[in-house]
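First the structure, in the form of structure tokens, and then the observations on it.
Here, each number is a calculation from the coordinates, and none is a lab measurement. Just so it is clear, the model here is predicted, and its values are computed rather than measured. Here the Cβ is made from the backbone with ideal geometry for all residues, glycine too, and neighbour counts use every protein chain on show.
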Amino acid sequence: MDGAATFEAVGLAIDQARKYLVVQFFIIRDDELGRDIQRRLLAARQRGVAVYLLIDQVGSHKLPRPYRQKLIDAGVQLCVFVTNRERGKRFRLNFRNHRKLVVADGEVAFLGGQNVGDEY
């Protein structure tokens with residue numbers, strides 16, 4: 001499945017969710033595809049769907065604060081994966097969350113593949 005077909009299917013699953021969405025990406029960009037995913041997640045929240053979004057701190061470091069804040073303000077449970085920085089432990093750049101996952105109502109799931117960005 002290519003990127004366009006993948007995100008068409010992912011978008012449909014998000015649009016049809018009725019109970020909850022678990023969404024996890026290494027990279028989300030504030031571009032056409034990223035704004036489409038954001039719009040769909042916001043619409044899901046308006047339908048009363050619980051939305052849980054996990055992004056990687058390094059992979060999504062260019063994602064603007066207003067993009068994130070709009071989701072948070074709508075009630076999306078947004079978490080950022082941060083590498084362990086405990087005292088005495090080295091910062092491990094390669095300890096990242098590269099997973100790509102969308103689960104809709106425990107009935108439809110997408111694993112692996114593309115990040116959320118027009119180039120994918």
Using a Förster distance of 25 angstrom, determine the FRET efficiency expected from the C-beta separation of residue 42 and residue 119, and round it to 0.05.
-> 0.60
In sequence order, what are the phi-derived ³J(HN,Hα) couplings for the stretch 103-109 according to the Karplus relation 6.51 cos²θ - 1.76 cosθ + 1.60 with θ = phi - 60°, rounded to whole Hz, with x for glycine and proline?
-> 10, 10, 6, x, 10, 10, 9
Amide H neighbours of residue 100 under 5 Å, counting only residues 5+ apart in sequence or on other chains, H built in-plane at 1.01 Å?
-> 112
Using only the Cα atoms, what convex hull volume per residue in Å³ does the stretch 1-82 have?
-> 86 Å³
